[in-house]
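Taking it in order: structure first as structure tokens, then the write-up.
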Amino acid sequence: MRIVLVDPLAYTPPYDNALARALAAEGHAVTLMTSPYPHGKAPAAEGYTREELFTPVSSRLFRRSPLRLPAKGLEYAPSVARLVRRIGKLDSDVVHVQWLPRPEHDLRWLRRIADDRPVVLTAHDVLPRRRRAMPVWPDVLETAERVVVHSQRGVEQLVELGLGRERIAQISHPVFPADPLPPPKGRTLLF
């Protein structure tokens, strides 16, 4: 299966990387469409392809500058146009959208993609962070064939919004075992 993962503004590169690698390990052809990570180096794409087609100028030239935000705003619409064209060329079987930075604007392109292929949306934020996105949020959820959440509470919130339980998949975040910490060195002052 050909899968496109979309994290437009590189909100969660480690998560994207783990998901893309896991899907590729199952035999899927995975393409991650994202932007350059502005806070460091993104994990190496092993077993899948990463295309940094969002906000190419603001993410590179204004990486940590306050000018990045207005530049990113100017670049967003052309980046979305590139995304829609690229997904069409790849002829993917499914598109899995990790984040919608501006749901009130993103609904339009999400519907265009959903007209041609199934769309899965991970609702990391079960409810949108910006109030002005709330009126379109039910439409965003209805556009996706499946919605992934990470908790039972998330499932219940989506059901309260009117999304059918059969369209919601709960995939909990794993808890990874950590190596034990070494004992403290030196003296410890207790109050």
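Bear in mind these aren't lab numbers, they're just calculated from the coordinates by the rules spelled out. Here the structure is a predicted model, which is why all the values come from computation and not from measurement. Every residue, glycine among them, receives a Cβ derived from its backbone with ideal geometry; neighbour counts consider all protein chains shown.
Taking semi-axes √(5λ) of the Cα gyration tensor in Å as calculated from this structure, the corresponding entry among (i) 29, 23, 20; (ii) 35, 20, 13; (iii) 28, 20, 17 is (i).
Among Ile171, Val97, Phe54, whose Cα sits farthest toward the positive end of the charge dipole of the chain (+1 at Cβ of Lys/Arg, -1 at Cβ of Asp/Glu, about the Cα centre)? The listed residue farthest towards the positive side: Phe54.
To the nearest 10 degrees, how steeply does helix 68-90 sit against the main Cα axis of the chain, on a 0 to 90 scale? Orientation of helix 68-90: about 60 degrees from the principal axis. Amide H contacts for Ser35 (H built 1.01 Å from N in the peptide plane; partners 5 or more residues away or on another chain; cut-off under 5 Å): Ala10, Phe54. Counting only DSSP H runs of at least 4 residues, each contributing -39500 (n - 2.57), and dividing by the residue count of the chain, the helix-based mean residue ellipticity at 222 nm comes to -11500 deg cm²/dmol. Report the longest stretch of the chain that contains none of the trypsin sites (Lys or Arg not before Pro) sitting in a DSSP loop with at most 10 other Cβ atoms within 10 Å. Longest run free of exposed loop sites: 65-128. Computed from the Cβ-Cβ distance with R0 of 25 Å, the FRET efficiency linking Val159 to Arg129 stands at 0.75. Placing +1 on the Cβ of every Lys and Arg and -1 on the Cβ of every Asp and Glu, with nothing else charged, gives the chain a dipole about its Cα centre of roughly 880 debye.
Free of any GluC sites (Glu not before Pro) that DSSP assigns to a loop and that have at most 16 other C-beta atoms within 10 Å, the longest stretch within the chain is 47-144.
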